[in-house]
1. Per residue, how large is the accessible surface of the chain? Use a 1.4 angstrom probe and give square angstrom.
2. Taking the chain as a Gaussian network, where each spring joins two C-alpha atoms under 10 Å apart, which residue of Lys32, Lys124, Lys95 fluctuates the most?
3. Go ahead and set up a Gaussian network model of the chain, Cα springs under 10 Å, then flag whichever of Tyr29, Tyr97, Tyr78 fluctuates most.
4. Alpha carbon centre of the stretch 118-147 versus the stretch 80-115: separation in Å?
5. For Glu48 and Asp149, compute 0.36 nm times the residue count separating them, minus their Cα-Cα distance, and round to one decimal in nm.
6. Quantify, in whole percent, the carbon and sulfur part of the accessible surface of the stretch 45-122 (1.4 Å probe; protein heavy atoms only).
7. Scan the chain and report its longest stretch carrying no GluC sites (Glu not before Pro) that are both in a DSSP loop and have at most 15 other Cβ atoms within 10 Å.
Amino acid sequence: MGNKYMDYHYNDLIVFSINSDVYEALASYKEKHTFRIERGGIIAGIIEPARTQITLTDFTEPQKRDICLPCFYKRAAYGHQEIMDRLWEESQYTKTYLGEWHTHNQRSPQPSNIDAQNWIRISKRNHNSEWLFFLIVGTEQLGVWTVFDDKIVRMAQIQP
């Protein structure tokens, strides 16, 4: 599938695409894991020159120092940053940090208050993109959100 993409639009401002291989890998979490603990990582990809098209091309798996608990996931800086640095260099400085992903033991995942606060905090940091995206993999659906004007905005809820 590799070159196919799934597109999600936010008004006429941005199109967020997920490479189908990445989508399949994230969606496969519902078959591979019991959801007894949350897992997650970062997402990375390419920002098109016009800055209205952003494509998710890579993601990190949970790392050794991450905290994975039944209703809580905390990403450790160690491990994920080194993977992001390698992606950045190997892509000739075109792949960049685009946001975060994690799992929820919910059929139709919804961000918790902690998720929302964390996403807003992350979006206020200095990044290569003014747009960041947050994915939650649920037991049956995958949700995609962004932050716009300090508000959490749902872009899609997908049932693979």
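1. The answer is 54 Å² per residue.
2. Lys32
3. Ranking Tyr29, Tyr97, Tyr78 by mean-square fluctuation puts Tyr78 first.
4. 8 Å
5. 34.2 nm
6. Details: 2390 of 4590 Å².
On the stretch 45-122, the fraction of accessible area on carbon and sulfur atoms equals 52 percent.
7. 1-129
The values are calculated or read from the model by the stated rules, or taken from the named source; none is laboratory data. This one's a predicted model, so the numbers in the text were calculated from it and none came from an experiment. No Cβ is skipped: glycine too gets one built from the backbone with ideal geometry, and neighbour counts run over all protein chains shown. The protein model used for the area step is the full one, side chains on, heavy atoms only, and it has no ligands, DNA or RNA in it. Shrake-Rupley method; radii C 1.70, N 1.55, O 1.52, S 1.80 Å.
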